[in-house]
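Student: Quick one: the structure is below, questions incoming.
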Amino acid sequence: MKENYLNPELILSKDDMKQYGYTIIDHIVEHFDNQDSKKPVAIATREEMDNLLTEDIPNLPTDANKVLDFVMKEIIPQSTIVSHPKSFSFVPGPSNYISAMADTIATGFNIFSGGWAASPAAAELEILTMNWLLEIFGFGTKQGGGIFTSGGSMANLTALVTARRIKCGDDFSKAVIYLSDQAHSSNIKAIKVIGFKKSQIRIIPTDLEFKMSLNKLKNAIAKDRLQGLEPFCMIASAGTTNTGTVDPLDEIAKICTKEKLWFHIDGAYGGAAILADNGKELLKGIEKADSLTVDPHKWFFQPYEMGCLLVKNHNWLSGTFSEKPEYLRDVEGNESEINFYDHGIQLTRRFRALKFYMSLKTFGLDSFKKAIQYNIELAEQTENTLRESSKWEVISPATLAVINFRYHPIDKNLSEKEIDLINQKISEKIMNSREALLVTTVLLGQVVLRMCLINPRTTINHITETIEQCQSYGDELLA
Ligand SMILES: *Cc1c(COP(=O)(O)O)cnc(C)c1O
């Protein structure tokens, strides 16, 4: 490809496009085929990245292959491989090849997924896949609705704006919102974004199993009413990010009905577990929510970005987000032809439904079910392995594929402080080895190692290798 010639049309020749595209596909396929043998952890300082990447604005063209080579050699390898089978921390992003290619199509054709008129099939596919999700979660497709978002954070934000519109109208000065101390930080962020004061938020303590304490919730609501405040919204977690714990959804639903609260469930992490037998049992009551966040880019194996908000009544969304600027007048269409820009915050939206559709259709829902069931059982198997060892202590049992544990040999008389320090050091050492992504979290004041096992390519061997590596660090530190 030509260098040093200005290209104001921003185009490549047909042959150049093919060669360029095939090279990229080769890189991606190589990664999918070979990622398991790479090291998942990337660590670099700001200084190192500055040295690698800082340059002046490139006014003149550079050869396309040169730019691509640089990106593949220097930029892409400097990221954590969240789809690696030893990527245990945060929430892994296992992804899948079909969806990665679907995203490539969506971007390649630059499909505008905002309104019906621009792309009727894209809107219809969002309605169709949303109906599949509504069915899966027992929301009903007649009244139910929803929207795909960039992620769980945006889905929670969209839910809270809707809840406030429906329950409070314009005056929310006395409204109070409830969530547990294990709820995801994105909820607090969303509450702040939409302009609630700190004094309108109640953080309800959790019990020893990290579930929201119903007694404390009832006390808080009653107190607020006595003070003339207006309890309006409850946020429960269906799979906390820390421990996979599900709040008592059925009981919370009853409280919400009695107190006339909006019932939002944040199932960004755990929602997908409804596809597994034992997950379904744990998530009982999820169908009673007014709104539900799930995050297909987590446990539905989609690449970033894809979140989703489901609601019991699609009119709640259009009633909250419809605005009618003059230039959209001509493209409104009839009511059944949904304009998703009327159901959420974004006007211009990428075609997220495509990857969900193509991957689900290609692999079949039963494959997803099997994968999720496998993940849940893998965590239980990990728990058994840890319990059989005299060196490890399980701090929170395997729940929705999350397990928390710590190095704590029973024959050594270690103080809590020493145990914390050793586990912190174990995590540092394994991260520095770059063999596994495994960081700590804090539960009940204890520093613990946390594994989130939603990658269907992770095997018990990947896990035992990592635990053995951690154990040898622990033993070394004690010696
Ligand atoms: C990950 C997560 C979120 C935030 O979702 P993003 O997709 O990262 O924006 C919200 N809630 C829970 C429970 C999560 O696990």
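Student: Would you work out which of Ser367, His31, Ile57 lies farthest towards the positive end of the dipole of the chain? Charges go on Cβ: Lys and Arg +1, Asp and Glu -1.
Tutor: Checked the options; the winner is Ser367.
Student: Taking just the C-alpha trace of the chain, give me its Rg and Dmax in Å.
Tutor: Over the chain's Cα set, Rg and Dmax evaluate to 24.4, 76 Å.
Student: Between Ser336 and Ile43, what length comes free when the chain is fully extended (0.36 nm per residue of separation minus the Cα-Cα distance, one decimal in nm)?
Tutor: That works out to 100.5 nm of additional length.
Student: Rounded to the nearest 0.05, what FRET efficiency do Asp181 and Asp26 have when you use their Cβ-Cβ distance and R0 = 45 Å?
Tutor: FRET efficiency, Asp181 to Asp26: 0.40.
Student: Report the residues of region 196-217 in range of a label on Leu226: point 7 Å along Cα→C-beta, backbone N strictly under 15 Å from it.
Tutor: 216-217
Student: Evaluate the charge dipole of region 366-478 about its Cα centre and quote only its size in Debye, nearest 20, assuming +1 on the Cβ of each Lys and Arg and -1 on the Cβ of each Asp and Glu.
Tutor: 300
Student: Suppose every K and R has +1 on its Cβ and every D and E has -1 on its Cβ; what is the size of the dipole of region 169-311 about the Cα centre, in Debye to the nearest 20?
Tutor: Dipole of region 169-311, to the nearest 20 debye: 500 debye.
Student: How do 379-389, 442-452 rank on mean C-beta neighbours within 10 Å, highest first?
Tutor: Highest mean packing first, the order is 442-452, 379-389.
Student: A further question follows. Bin by bin, in steps of 5 Å, what percent of the Cα pairs in region 241-316 do you find, going until the bin that has the longest distance?
Tutor: Bin by bin from 0 Å, the calculated values are 3, 16, 23, 26, 18, 10, 3, 1.
Student: Still on this model: Convert each backbone phi in region 314-326 into a coupling constant with the Karplus relation 6.51 cos²θ - 1.76 cosθ + 1.60 (shift: θ = phi - 60°), then list the ³J(HN,Hα) values in order as whole Hz, x for Gly and Pro.
Tutor: Along region 314-326, the couplings run 5, 5, 4, 6, 5, x, 8, 10, 5, 9, 10, x, 4 Hz.
Student: Quick one: in region 1-81, what % of C-alpha pairs are over 16 Å apart?
Tutor: Summing the P(r) tail past 16 Å for region 1-81 gives 64 percent.
Student: Another question about this same structure. What does a probe at Asn34 reach in region 85-121, counting residues whose amide N is under 19 Å from the point 7 Å along Cα→Cβ?
Tutor: In region 85-121, the label zone of Asn34 (backbone N under 19 Å from the point 7 Å along Cα→Cβ) covers 85-86, 97.
Student: Another question, if that's okay. Regarding region 53-165, what is the average projected area of its C-alpha convex hull, in nm²?
Tutor: With every direction weighted equally, the projected area is 12.3 nm².
Student: Defining a contact as two alpha carbons under 8 Å apart and six or more residues distant in sequence, what relative contact order in percent does the chain show?
Tutor: Relative CO of the chain lands at 20 percent.
Student: Where the centre of each part is set by its Cα atoms, how far does region 271-338 sit from region 380-433, in angstrom?
Tutor: With region 271-338 and region 380-433 each reduced to a Cα centre, they are spaced 38 Å.
Student: Here's something else I'd like to know. What percent do you get for the relative contact order of region 282-390 when only Cα pairs under 8 Å and 6+ apart count?
Tutor: 19 percent.
Student: Could you run the Karplus curve 6.51 cos²θ - 1.76 cosθ + 1.60 with θ = phi - 60° over region 57-67 and give me ³J(HN,Hα) per residue in whole Hz, x for Gly and Pro?
Tutor: 4, x, 5, 9, x, 10, 4, 4, 5, 5, 5
Student: Beyond a 22 Å Cα-Cα separation, which of these cross-linked pairs lie in this structure: Lys192/Lys280; Lys39/Lys429; Lys312/Lys355; Lys167/Lys198; Lys14/Lys66; Lys86/Lys189?
Tutor: With Cα atoms farther than 22 Å apart: Lys192/Lys280; Lys312/Lys355; Lys86/Lys189.
Student: Over region 146-236, with every protein chain in place, what whole percent of the accessible area is carbon and sulfur at 1.4 Å, could you tell me?
Tutor: 53
Student: Turning to a different aspect of this structure: Placing +1 at every Lys and Arg Cβ and -1 at every Asp and Glu Cβ, with all other atoms neutral, what dipole size does the chain have around its Cα centre, in debye to the nearest 20?
Tutor: For the chain, the charge dipole is close to 1520 debye.
Student: Estimate the FRET efficiency between Asn413 and Glu435 by the formula 1/(1 + (r/R0)^6), using the beta-carbon distance for r and 30 Å for R0, to the nearest 0.05.
Tutor: So the FRET efficiency works out to roughly 0.50.
Student: Which GluC sites (Glu not before Pro) from region 327-371 combine a DSSP loop assignment with at most 12 other Cβ atoms within 10 Å?
Tutor: Counting only loop positions with at most 12 other Cβ atoms within 10 Å, the GluC sites (Glu not before Pro) in region 327-371 are Glu335.
Student: Radius of gyration and Dmax for region 366-478's Cα atoms, expressed in Å?
Tutor: When restricted to Cα atoms, region 366-478 yields Rg and Dmax of 14.0, 49 Å.
Student: Can you tell me the FRET efficiency between Asp170 and Ile105 if r is taken as the Cβ-Cβ distance and R0 is 35 Å, rounded to the nearest 0.05?
Tutor: About 0.25, to the nearest 0.05.
Student: Here is a follow-up. Between Gln381 and Tyr327, what length comes free when the chain is fully extended (0.36 nm per residue of separation minus the Cα-Cα distance, one decimal in nm)?
Tutor: Stretched out fully, the Gln381 to Tyr327 stretch lengthens by 13.6 nm.
Student: Related question: 5 Å is the cut-off here: which amide hydrogens, built 1.01 Å from N in the peptide plane, fall below it relative to Ile204, excluding neighbours closer than 5 in sequence?
Tutor: Leu179, Ser180, Asp181
Student: Could you tell me the relative contact order of region 217-308? Use alpha-carbon pairs under 8 Å, at least six residues apart, and round to a whole percent.
Tutor: 25 percent.
The values are calculated or read from the model by the stated rules, or taken from the named source; none is laboratory data. What you are looking at is a predicted structure, and each value in this text was computed from that prediction instead of being measured. Every residue, glycine among them, receives a Cβ derived from its backbone with ideal geometry; neighbour counts consider all protein chains shown. The area values use the complete protein model at the heavy-atom level, side chains included, leaving out ligands, DNA and RNA. Shrake-Rupley method; radii C 1.70, N 1.55, O 1.52, S 1.80 Å.
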